[in-house]
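Before any comments, here is the structure.
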Amino acid sequence: MTNDRSRCLIGFVAALFMASAAGGAFVSAAIPKKDAWYTQHYMIMQEFERKLYRDLSDAGRLGFQELFWAHRTAEARGKFTARMDYIMKNFKPENRNQPWNTDRGRVYILNGAPASVDYDQNVSFNAQLMMPGQSSDQASRSGEDLGANRAEIWIYPYDQFFIKYTFAFVQPSQWKITQTSGNRYMGELETFNRKVTFGVVDEAAYRQALDGLERRKK
């Protein structure tokens, strides 16, 4: 009976991992990894900024980085700095070189601290989420000891709704975002934070300044 229960729990958390890989809020292949500034700011950038940045020369990108904050408020930059400080202190076990470039880090940069966090408790160590092909014997609680929590659920109020991001633990020290039902307003929350919380003060003047940046030679 105990073995059956463990197999069921393992199947459940494996399904969470597959849901994350198939339809999570972030597609890892689309997220940059080499340019540290870009990886830090990617989540708060609007789509036209991402597209332009990819087309710029090295000199053009340096100019973009200066213009990016010159055309935003000091309050917005202060929020970004405070969130990055939190990420550096709390998410390093997941990615020592770029702790902001993790699923929880990206959500935190864009949305800030959740209003509340729920925990889905794991009643069996063998049921902890494992990478495909990893046996329960190979799993160990190294790095970030998470008290056998199987999932974290970050909750953000938006208008009269509650937006939920669910993160499942993957051995040895990662939290992977999973697809959560009932989040039809998640995109609206994220767009609000990009355009309002981290929005440009004068978009017309900003775009005009960006037009003068050097593009890459094709």
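Every read-out reported here was derived from the displayed coordinates using simple, explicitly stated rules and does not represent laboratory data. Bear in mind that the values here come from a model prediction, so they are computed numbers and not experimental data. Don't worry about glycine lacking a Cβ; one is built from the backbone with ideal geometry, like all the others, and counts go over all protein chains shown.
A compact table of results
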{"item": "Inter-site label distance for R96 and R77 at 7 Å from Cα along Cβ, in nm", "result": "3.2"}
{"item": "Pairwise label distance in nanometres, K51 with K164, each label 7 Å out on the Cα-Cβ vector", "result": "3.5"}
{"item": "Distance (nanometres) between label positions extended 7 Å along Cα→Cβ at D85 and D35", "result": "2.8"}
{"item": "Hits among lysines - C-alpha to C-alpha of K79 under 20 Å, sequence gap 8 or more where chains match", "result": "K89, K92, K195"}
{"item": "Linear extension gain, R216 paired with D120, 0.36 nm per residue minus alpha-carbon span", "result": "29.8 nm"}
